[in-house]
Every structure is written in C-alpha cells, then in structure tokens.
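Trainee: Structure in structure tokens, see below.
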There are 2 protein chains.
Amino acid sequence: MIDKNHCLRLDEQDPLAPLRQQFSLPEGVIYLDGNSLGARPVAAAERARQVIEQEWGEGLIRSWNTAGWRDLSQRLGDRLAPLIGAGAGEVVITDTTSINLFKVLSAALQVQAGRAPQRRVIVSESSNFPTDLYIVEGLTQLLQQGYSLRLVDSPEQLPAAIDQDTAVVLLTHVNYKTGYMHDMQATTRLIHEAGALSIWDLAHSAGAVPVDLGRSGADYAIGCTYKYLNGGPGSQAFAWVAPALCDLVTQPLSGWFGHARQFDMATRYEPSSGIARYLCGTQPITSLAMVECGLEVFERTDMQSLRRKSLALTDLFIELVEQRCVGHELKLVTPREHAKRGSHVSFEHPEGYAVIQALIARGVIGDYREPRIMRFGFTPLYTRFSEVWDAVQILGEVLDQKTWAQAQFQVRHSVT
Amino acid sequence: MIDKNHCLRLDEQDPLAPLRQQFSLPEGVIYLDGNSLGARPVAAAERARQVIEQEWGEGLIRSWNTAGWRDLSQRLGDRLAPLIGAGAGEVVITDTTSINLFKVLSAALQVQAGRAPQRRVIVSESSNFPTDLYIVEGLTQLLQQGYSLRLVDSPEQLPAAIDQDTAVVLLTHVNYKTGYMHDMQATTRLIHEAGALSIWDLAHSAGAVPVDLGRSGADYAIGCTYKYLNGGPGSQAFAWVAPALCDLVTQPLSGWFGHARQFDMATRYEPSSGIARYLCGTQPITSLAMVECGLEVFERTDMQSLRRKSLALTDLFIELVEQRCVGHELKLVTPREHAKRGSHVSFEHPEGYAVIQALIARGVIGDYREPRIMRFGFTPLYTRFSEVWDAVQILGEVLDQKTWAQAQFQVRHSVT
C-alpha cells in the first residue's frame, strides 16, 4: 500500500520540484487541468505590464520594430522548436490550431494533387478532437473536388483504413479524451508506405511528451501553446512543415505577413520561402508575447526529465485511484503501457460530470469530456506527488459520500 | 493666416478635449499614427493585470465560464455594433482581418454560386490594402473554379467594371493610402443593381467615421480593432454579415467555436445560427480582453461628434501645411471634399520616407507607405488642434532645413 509519506518523499527527491516556483498557483487548489489551460508563469505579469505600458503605451507604432513585434511569431517558433524536434526557422506561432490545420491540410492536398491526384480520402479517428474534423469538413466542402473523410474508431483500425485512395492521414498524437499516444515514427512510416502524407496535431503533446518531428519523418504538424506550454488563455497555436515540403505549394490563407516582401505593398501575392509563408494577418501581440514566458521555463529542464516525472505522476495516480476507490464504477480509459500514454489520465464514471463538479467544489480541478469521461492532467513542471495523493483522497470521499449528487452545477463545460 | 493662438482656442472650445484623459500618451510625442496603432487606453493596464493575475492566475480553467471568456467575441461585438450601424448579435470580434475576409468572401461566393453561378469575377481596387487582394488570390486559386480578380485603378472606374459577370465587389471604405472614402450607400446600391454582393473592409473606418451598415444595405463587412478603436497591438478583427445572408451558407473555417453545440463534441459540424458561425478556434484572450477598454471610451461620445472634430483636424492640417510649407514638393493625395475623406491625410513627397524618419526623430509620429506617401492620422479622441499646429511647424522646419537628408534610418517600415 502506498501512503502519503511515500508521496512526500517523492516530492523531496524530485529534481524538478524547484520549477514550481516559476508558476503562480492559487492557494487551496490542486490543479489537474494544465492539459486544458496551463498555469500562469510568474514572469507573465511583468511581461504583460511591459507590453501594455512600455511597448504599446510608450513605443506605440515604433514597437513593431523596436520591440521586435514583427518577427515575434518566428522568434517564438524557434524557441519552441527544440521541444518538438524541429529545427530553427521551421516553426511559427500564429493564429489558432483550427486555422493552422486548414493551412497545412490545404497544402498537403495540393502536394498530393500534384503527385497522386486520384487520392481523395482523408483518414482520421472518430475520437479525434472535433474541431480537427470540422476543419476537414469545411475545407473539403469548399473544394468540391470529391474529397471525403474516412474515420476509424480505434488506432488498431488505422492500417486497414490507409490505402491507395488515401491522400492525408490526420492524427492527434495524444488523444484529448483517453490520453492514448500514437507511436509517431511507426505510424508515419505506415502512412508513407501507403503513399499518404501525415498531419500530426500536437495539442496534448507539445511540452507534455518528447516529440521528434524530424526523426519521425512527419510531414506537417500543428499544436497549441496554452496547454502544457503555459502560454496563457487561448494563446496562439503553432505550425510546422517538413522543410522538403514547405516551399512546394502556397497555403490559401495568404495574408500579408506571409508575403516575401510584405512592405512592398504589391498587388500580387508572392509567398516567403520557408515557414513564414504560413503566417497570414497581424497577430494579437499581447497574447503572443506571453507565450515566451511559458517557453522560458522549459529551457531550465529537458523533455526526457519531464517525461520521467510525467510517467511517475500518472502511474501514481492510477495506482492510488485503484487502491483508494475500489468498488466504485470507475473505468480506466488511458493505456497502462507507458509508450501509449500521454500526460493525462481519464476515468469513465456514469456520473462523471457530477463527480468533476463535486471535485472542483473541493478544490481539485480536473475536467469533463463527453461521454462520462473525467480527465486529470499532470504537468511535471508544477504538479507535486503529494497533490496526487490528496486529489485521490478527495475523489475517494466524493465517491464514498456521493457528494456529487448534491453538487451545485454552476457550469456545464470548460474550454480545452 | 492661422496662428497658434487660434489652434489653442480650438482646443479650449473642443467638447471632446476631456476624452484625452482616457489615454496614456508618451511625453514629447505628437502621435499622428492612431490610424495604424491606436493609443493605449489608461484602463488597459488594470484590465491586463486583472486578466493575467486574477482570471488566468487564480481562476485558471474556470475563467472560461466565470470570467466570461467563452462568449467574449460576441459580447465585444455587441459593444462595437453601434459604431458601425450593426445590430446586437450581428458582430463578432475574432481572428484577423485577413482571415475574416477569407470567411466572408467564401460565403459570398457560395451565395452567388446558388443564385447566379455564371458570375465568377471579384472586383476590387488596385490601391486596396494588399492583404485583401492576397486573400482573394489565395481563395480563388484554392477553388479552381474559374474565379478571377478584376482591379480598377480609381473609384471612377468602378461603375464600368461591375457587370453581369461580377459576383462580389470588395472595397475598403477608406483607402489606407489616400484617405479617400467611398459613399457606402450609393456604391452598395450600384453593386446590387448589377446583381453583385458587397464586402466592405472597415479597417480605416470603424471608430473614425460614421458607418451605417444596416442603412447602407451592405452584405458583408470586416475590419480592425487596433487602429481607431484602440484595442491594442494586433488586437482581433471583426466580422459582420447582413442578417438576411448570415444563415444561408457555412463559411469554410468551421472550427468548434462556430458549432451550434460546441461541447457535444460531435464528429459532424453543424453551424450556429447567426454570426457565431463566423467564429472558428479558441481566441487569444488577453489581447481580446483589451479591446473592451478601447470600446468603453466610445460610449462617452458619439460618432457624429467625433466626425465633426475629425474633419476640423484634417481641414486644419491641410490648411496649415499649405500655409507653412509653400514651395516644397508636397502633393495632397487626400480628397478636400469632406464626403470623400476619412480621418487621415496623406501627402506625396519625393523623399517621403526620409521626411517621415526625420519627423519621428523630432517626436512627430506619422508613417510612410509606398510609393512616396507620408500619412498622418487624426484621432479625435485624443489629438489636439495645437498638436496639429506644432506638427506642421516641425514638418516645415524639416523641409526647409532638409534635415531629412541626414536622418538616421533605423527602421524601414512599420506595420499598419
């Protein structure tokens, strides 16, 4: 049996424990939702003050040059790149994940239209994050060129679904509901062997698990900075394109920030070379600047160390739930196998929504996803082992006492 | 002859003069670039602190509900609506102007494909802001359905260019270079009589001149909040669609924020009714929240009062330049006629770029646009008549002494 002292000892021995000081977390809260909105880096307050009061207020329009706003998307992309196995000049941080998916999917279909125009199927998973599927739907309906979306219900069905009709396979590396993690290298190989191109959504991977886009042979990737990267609410998303593919085609959201000579004010579009052609319009700078504060923290550690702690945290949570909550209708939906697990753990419960509300009322913040899924995110930068202990004790009490049946339901949903 | 005392008297008599206290402007600067990046409202500092430290730091994921982040795009849209003659529930503030143009242009072409599929021409102006033209190019190349862009070189050529082949006419209401303002009502009537649909870019209009989208009969409008609306650097753009058109088609950037039941997590997209279907992905909240501080200031006045002062400021500037800068190679490119003028004034000068740099070095901030155009924006919320006097005296000195020939050129361009 694991006891609380064991968890406290794990905290004492944790080499990453000091990193928690880089974050401001509220008193009385155990925050297990950093997979949805990351905690605030301490530095973000001062950085915001600087952007608002100095750069905007005093620098005014001059700050596009003097404060480096003009190439902020690229500079931040370069800082993010090492976390996902990308090179310098290969990543931009801009727009939203949905919009970046529209860009890279359009590009991938153009590339395939030149190589193998008979390929008109986009393969994905029915459990993929819905907005990714909606974007496929939006683009394919717009194109009216006979593209269709083929959805599989489990990762095991992927090999049979990827065939000579497949243009693109769009997968989220770590599933937002179950926490299932694909083997990026093996799956990309499978995709390429079938003649298709791969798009990886790294929303629940970047900053959570080691990712090596370069070595995996991936073609396109998009992802989010407001989850494990702690960039702030709704902070801009990122886009990466394999260098060999990047300059082959122009993506259709061809705004002036992607132009080769933006300030020539030419009437015709000419794309920048490299990843800058995936930029479009003027970015909300205050939000974008906050992303830097989240990325800075990662430069104090490395993804291998974070992964070790992440697995230790998720292992501990599963063990403790199974030790403390015996007899309740909890069903683990996250893989036990390390190689198939991201950094969050999900349990199904028939009253999952109510249980999560009761937990939040007790200061344990996880979240709920249809249907019946209670999600708990573990962010090795700031989650303590002893918090995992405390959270599970409270979960046990909520289930034992059925306090969830009386919980006040102020809110139905949170935004991931 | 106008003298400085006259200008000081105009300031004393200006009923809008107290509004300047709502803004934080640096000492020693005459800011004539609010048409590019609006000044910082005083309230923005405290609002940023609240979003970063309280809503993000303390509220964490709960703030999507408790701090109203979820429907912030719509609530801010409702506050902006009166400034552009739109109704409640008709405007969203989201994404960038370029991306919102992609959405409304896609929608307009879909509507026309249903009504008059032979119409395959998009009419615009060669002097339109380049990113608008780049987006037309991006979308039409993506569609591969025979659409083309027809550009006219002056507003007078518009009537002849709009014909039975025209699907959509895309115009920027106030030209970013010349300050020329279209008659929105008359031009929209012309467009409709030819069977086409209108898209109005209000980047240099919203908060600068009275706009009445409803009465003008416009079909679609987009625009910017970081210029005259003082929303902060790169703050999100807006989109408006005439209610009669809004639910006819689905725009292709169909992300989850535009879904009718976002949190059902369905695999199929079903658009919201109304303008919410023009939302796509999760918005950068810190930047979006700042927009409110700019809009609040407008609720202390009205667009008619602002227009009176704007015209008085631009009239004064033109008169003073013509009085003080006689004999220099300045050419007014902004219409003298009030009905055709926005809220900025542009002069051509063979060394326009160098002159602007020399002015900035003297604390007079205007900006430069290719070719040879010096642009000066007048924002009636905070520009003083006596500042117009001082700016013109400094311009006169720079031109007399040719100090521009020695000016240090630190920066080539600023971002509009």
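Values in this text are rule-based calculations from the coordinates and carry no lab data. Quantities reported herein were computed from a predicted structural model and do not represent experimental measurements. As a convention, Cβ positions derive from the backbone with ideal geometry for all residues, glycine included, and neighbour counts pool all protein chains shown.
Trainee: When you scan the range A:107-127, do you find a residue that is hydroxyl-bearing (Ser, Thr, Tyr), assigned to a helix (DSSP H, G or I) and more than 14 Å from the chain's Cα centre (by Cα), even just one?
Mentor: No: the range A:107-127 contains no residue that is hydroxyl-bearing (Ser, Thr, Tyr), assigned to a helix (DSSP H, G or I) and more than 14 Å from the chain's Cα centre (by Cα).
Trainee: Might you let me know whether the range B:32-54 holds any residue that is under 24 Å from A:ARG47 (Cβ atoms), surrounded by fewer than 19 Cβ atoms within 10 Å (Cβ to Cβ) and of a type in the set (Asp, Glu)?
Mentor: yes
Trainee: Is it the case that A:PHE298 is among the hydrophobic types (A, V, I, L, M, F, W, C) and crowded, with 20+ Cβ neighbours inside 10 Å?
Mentor: yes
Trainee: Against the definition (under 28 Å from B:ARG70 (Cβ atoms) and facing another protein chain (nearest Cβ under 9 Å)), how does A:ILE61 come out, yes or no?
Mentor: Criteria not met by A:ILE61.
Trainee: Here is a follow-up. Look at the range B:123-155 and say how many of its residues are among the β-branched types (Val, Ile, Thr) and either within 7 Å of chain A (Cβ to nearest Cβ) or crowded, with 23+ Cβ neighbours inside 10 Å (or both).
Mentor: Adding up the residues that qualify gives 4.
Trainee: If you check A:ILE360 against the conditions, is it crowded, with 19+ Cβ neighbours inside 10 Å, within 14 Å of another protein chain (Cβ to nearest Cβ), farther than 21 Å from A:ASN128 by Cα and free of Cβ contacts under 8 Å to residues at least 60 places away in the same chain?
Mentor: yes
Trainee: Moving on to the next point. Test A:SER310 against the criterion of being surrounded by 22 or more Cβ atoms within 10 Å (Cβ to Cβ) and more than 13 Å from every other protein chain (Cβ to nearest Cβ), and give yes or no.
Mentor: When the stated conditions are applied, A:SER310 passes them.
Trainee: Here's something else I'd like to know. I'd like the residue in the range B:71-103 that is among the hydrophobic types (A, V, I, L, M, F, W, C) and assigned to a loop (DSSP other than H, G, I, E, B) and, out of all such residues, is nearest to the other protein chains (Cβ to nearest Cβ).
Mentor: So, considering only residues that are among the hydrophobic types (A, V, I, L, M, F, W, C) and assigned to a loop (DSSP other than H, G, I, E, B), the one nearest to the other protein chains (Cβ to nearest Cβ) is B:ALA86.
Trainee: Since A:THR301 meets every condition but one in (1) part of a helix (DSSP H, G or I); (2) away from chain B (no Cβ under 14 Å); (3) under 25 Å from the mean Cα position of the chain (by Cα), which condition does it not meet?
Mentor: For A:THR301, the failing item is (1).
Trainee: So for the range B:55-63 (the condition being within 30 Å of A:GLY28 (Cα to Cα), of a type in the set (Val, Ile, Thr) and out of contact with any strand residue (DSSP E or B) (no Cβ under 8 Å at 6 or more places or on another chain)), does at least one residue qualify?
Mentor: Checking the range B:55-63: not a single residue is within 30 Å of A:GLY28 (Cα to Cα), of a type in the set (Val, Ile, Thr) and out of contact with any strand residue (DSSP E or B) (no Cβ under 8 Å at 6 or more places or on another chain).
Trainee: Residues being closer than 18 Å to A:THR301 by Cα, of a type outside the set (A, V, I, L, M) and in contact with a helix residue (DSSP H, G or I) (Cβ under 7 Å, 6 or more places away or on another chain): count how many of those fall in the range A:16-39.
Mentor: So the answer is 2.
Trainee: If you take the residues of the range A:1-58 that are assigned to a helix (DSSP H, G or I) and in contact with a Cys (Cβ under 8 Å, 6 or more places away or on another chain), which of them is farthest from B:SER235 (Cα to Cα)?
Mentor: A:ALA43
Trainee: I need a count of the residues in the range B:327-360 that are over 19 Å from the mean Cα position of the chain (by Cα) and of a type in the set (Gly, Ala, Ser).
Mentor: Matching residues across the range B:327-360 total 4.
Trainee: Here is a follow-up. For the range B:248-287, enumerate the residues that are touching a residue at least 40 places away in the same chain (Cβ under 8 Å), hydrophobic (A, V, I, L, M, F, W, C) and either assigned to a loop (DSSP other than H, G, I, E, B) or at the interface with chain A (Cβ under 7 Å from one of its Cβ atoms) (or both).
Mentor: B:LEU248, B:VAL249, B:LEU253, B:LEU279, B:CYS280, B:ILE285
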